[in-house]
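Working notes, beginning with the structure itself.
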Amino acid sequence: LEEARGLKLLYDIPHHWISPDGLIKRYNATVVVGDDPDDILLKALFMVEEGVDPDEVEAEYRSGTVMAYYDIEKKEMVTVRGYEDELEKIYVHEYLHALQDQHFNLTRVLNQSTFDRHMAAKALVEGDALFTYDLYQGKSPSGLTIGISKIYNDLTRRTLEEFRMFPQTKGKYF
């Protein structure tokens with residue numbers, strides 16, 4: 001992966017395994033208090049009903065979709081148990097985020113002043129990871145990428161999935 005991307009690992013990355021419940025606990029421990037751009041959007045688009053906490057909606061969403069992630073604050077890889085069959089693909093993707101962070105400071109890249117700038121930065125970061133994964137596999141990079149992975153009966157879940165997948169589905173083109 002380092003060869004495909006042209007970046008070398010500058011220092012080791014700790015790796016932790018957690019349960020799906022552990023993922024929810026970690027997410028709830030890092031919830032941003034205040035006017036989080038994602039919360040504002042969810043409320044503005046009426047994607048959460050009045051009286052429902054957007055953070056609870058987000059925690060439920062993540063618990064069913066997140067298999068692994070690179071924590072830019074703790075500088076560590078976290079993998080959720082139960083996805084071992086997908087380990088190479090998800091680990092390579094998250095490892096690239098660690099390389100990006102070590103070379104480009106993802107905190108600075110993703111800390112943007114407007115929602116649109118933040119989403120563009122996320123699309124750049126995710127697009128780089130998806131593009132590089134193609135190179136890592138020896139494929140010619142294409143604009144095609146993952147789409148919605150689950151079918152949801154309710155409009156809120158389907159819309160939330162579309163919204164959350166924007167950086168992945170559009171990032172490679174970007």
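The values are calculated or read from the model by the stated rules, or taken from the named source; none is laboratory data. Everything quoted here is computed from the prediction, not taken from an experiment. Note that we place each Cβ from the backbone using ideal geometry, even for glycine, and neighbour counts take in every protein chain shown. All accessible areas refer to the heavy atoms of the entire protein, side chains included, with ligands and DNA or RNA removed. Shrake-Rupley method; radii C 1.70, N 1.55, O 1.52, S 1.80 Å.
Worth pointing out:
- Computed with every protein chain present, the accessible area of residue 122 is close to 60 Å² [probe 1.4 Å].
- Stretching residue 102 away from residue 3 to a fully extended chain increases their span by 34.1 nm, per 0.36 nm per residue minus the current alpha-carbon distance.
- Counting only protein heavy atoms and using a 1.4 Å probe, the accessible area of residue 23 comes to about 10 Å².
- Environment charge of residue 96, counting only residues whose C-beta is closer than 11 Å and scoring Lys/Arg +1, Asp/Glu -1: -4
- Heavy atoms of residue 109 accessible to a 1.4 Å probe, total area in Å² rounded to 10: 30 Å²
- Ranked order, 91, 133 - accessible area, probe 1.4 Å, largest first: 91, 133
- The label-point distance for residue 110 and residue 134, in a model that sets each label 7 Å from Cα toward Cβ, rounds to 2.3 nm.
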